[in-house]
Amino acid sequence: MKRKLFLFVLFVALAPTQTFAALFINEVAWMGTVTSATDEWIEIVNDGADLVSLTGWKLIAEDGSPSIALSGSISASGYYLLERTDDESVSGIPADKIYTGDLGNTGETLKILDKDGVVVDTASGGANWENLGGNNTTKHTAQRQADGTWITGVPTPKAINSTEDTGGEVAGTSTSSSSSSSTTAKKTITGGYKQVVFAYAGEDRLVTVGAQALFEGYGVSDKNIRISAANYAWSFGDGGKGKGKEEAHTYRKPGTYTVVLNVSGDNQRAKDKLMVTAVPAEVRLSDIDWGNGGYIEVANGAETELDLSRWQIHIEYEKGSKSRDTFTFPDDTLIAPRSAVKFPEEVTELLPQKEDRVELLYPGGKKAATYEPNAVVENKVLGYVEEVVPTASHTESVLPYILAGTLIVSTLALLGFLTTQRTRKDVGSGTGLPPAHAFTIIEVTEASS
């Protein structure tokens, strides 16, 4: 009996013990990042004491996209970072897995499946991510807490999750079907980092070829406070670069350019980008009403809106300088496609006379157009040759020439008529002309007394 009991105890001692992997979906950036909404990423944590091979494991969405075959391994108390499309979704941290397929902004339910297809963990975003957390405006992520609840917090890829809820308390939980479901995910690795620097380069924009465009960026902290002591590096997409918080740049050729801003501070770096479309300027000074109460008209012949921010109208006065010779257009002065705008003297305080030279200048002072009242302009965008028609004020300057021309034409016509009359008198009686065409000379004599 004792021998049998000994053998039974020995058998139990030597039998293999089953271990359960404690893998959890730990953080979800379903909203992307401040750099791009497509920079989505997901973090898995291993809360167990053993390394786990992920061969045959999957991370799937309940609706089928994304469906990710995991690979490699995840160390004890380690993290596994999945980045969408490329390794740029999380700046400065290499991805463990690159995947395709987007996370729907209205909600997803994500699951981890082991190599046998058993669901190990589920993060139930369902039809609304508020079940977990995350903010599409601040780009703060959904983060699992030690008690299994979720909050919205500042992104912490491969680092300890935030415990400060920036989006309100969330009641949703993450459930696990393994025997270690009561084991909570605790981030104990400190080799990662908490992102505390974010970059903002501005919105996509339209600029004019040859015109100086002003770019302004800034860095912000994880508390959404602008960083005063940050370093800036701009790449304007056409080979141009800049190093200031504010930079002016001029595009020489039409095209669409990707502008990238890198902001560094607190030993971290963040970047943002925007798209700039540079279009040719189809602009001219189309009309001027001279003197007091007049105006200067600027015409945009392009199919796109023209931004005149910080452009200038400059006058070279023929008879000495007046009180003002330059008007600078304020920011956001826009002219609609194929339209013209009259800028009145009451606003510009410019009083050009007919003999003065009027110019339209790009920001920075380069000449864009000169007023030519009698010019014939070929409008390449509109596709026709356009004659600039003088206004009433212009007609005053050419009125003497019009009267002189009229007098000359009238005189020539009268001479021609008289010549015709004399010819008909001489030949009328001998040519068989009807009586109605005969000409009679009446001689007037002085009556005798």
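Taking residue 83 as the residue in question, decide whether it is part of a strand (DSSP E or B), out of contact with any Ser or Thr (no Cβ under 6 Å at 6 or more places or on another chain) and outside the structural domain of residue 259 (by TED's automatic domain parsing).
It is false that residue 83 is part of a strand (DSSP E or B), out of contact with any Ser or Thr (no Cβ under 6 Å at 6 or more places or on another chain) and outside the structural domain of residue 259 (by TED's automatic domain parsing).
Check residue 355 against each of (1) surrounded by 14 or more Cβ atoms within 10 Å (Cβ to Cβ); (2) more than 28 Å from the chain's Cα centre (by Cα); (3) not small (Gly, Ala, Ser) and name the one condition it does not meet.
Condition (1) is where residue 355 drops out.
Rundown of residues vs (1) modelled with pLDDT of 65 or more; (2) in a loop (DSSP other than H, G, I, E, B); (3) within 32 Å of the chain's Cα centre (by Cα); (4) not acidic (Asp, Glu), yes/no style:
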site: 337; (1), (2), (3), (4): yes, yes, yes, yes
site: 343; (1), (2), (3), (4): yes, no, yes, yes
site: 351; (1), (2), (3), (4): yes, yes, no, yes
site: 359; (1), (2), (3), (4): yes, no, yes, no
site: 363; (1), (2), (3), (4): yes, yes, yes, yes
site: 369; (1), (2), (3), (4): yes, no, yes, yes
site: 394; (1), (2), (3), (4): no, no, no, yes
site: 400; (1), (2), (3), (4): no, no, no, yes
site: 406; (1), (2), (3), (4): yes, no, no, yes
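Could you check how many residues of segment 263-278 are crowded, with 20+ Cβ neighbours inside 10 Å and either modelled with pLDDT of 90 or more or small (Gly, Ala, Ser) (or both)?
Going through segment 263-278 one residue at a time, the tally reaches 3.
So residue 125 clears everything in (1) surrounded by fewer than 18 Cβ atoms within 10 Å (Cβ to Cβ); (2) under 35 Å from the mean Cα position of the chain (by Cα) except one condition, right? Which one?
Of (1) surrounded by fewer than 18 Cβ atoms within 10 Å (Cβ to Cβ); (2) under 35 Å from the mean Cα position of the chain (by Cα), only one is false for residue 125: (1).
Only one residue in 87, 47, 63, 102 is touching a Pro at 6+ places or on another chain (Cβ under 7 Å) and at pLDDT below 90. Which one?
Values: 47 fails: touching a Pro at 6+ places or on another chain (Cβ under 7 Å); 63 fails: touching a Pro at 6+ places or on another chain (Cβ under 7 Å); 102 fails: touching a Pro at 6+ places or on another chain (Cβ under 7 Å).
Matching residue, one of 87, 47, 63, 102: 87.
The values are calculated or read from the model by the stated rules, or taken from the named source; none is laboratory data. If you're wondering where the values come from, they're calculated on a predicted model, not measured in any experiment. A quick note on method: Cβ atoms are made from the backbone with ideal geometry, for glycine too, and the neighbour counts reach across all protein chains shown.
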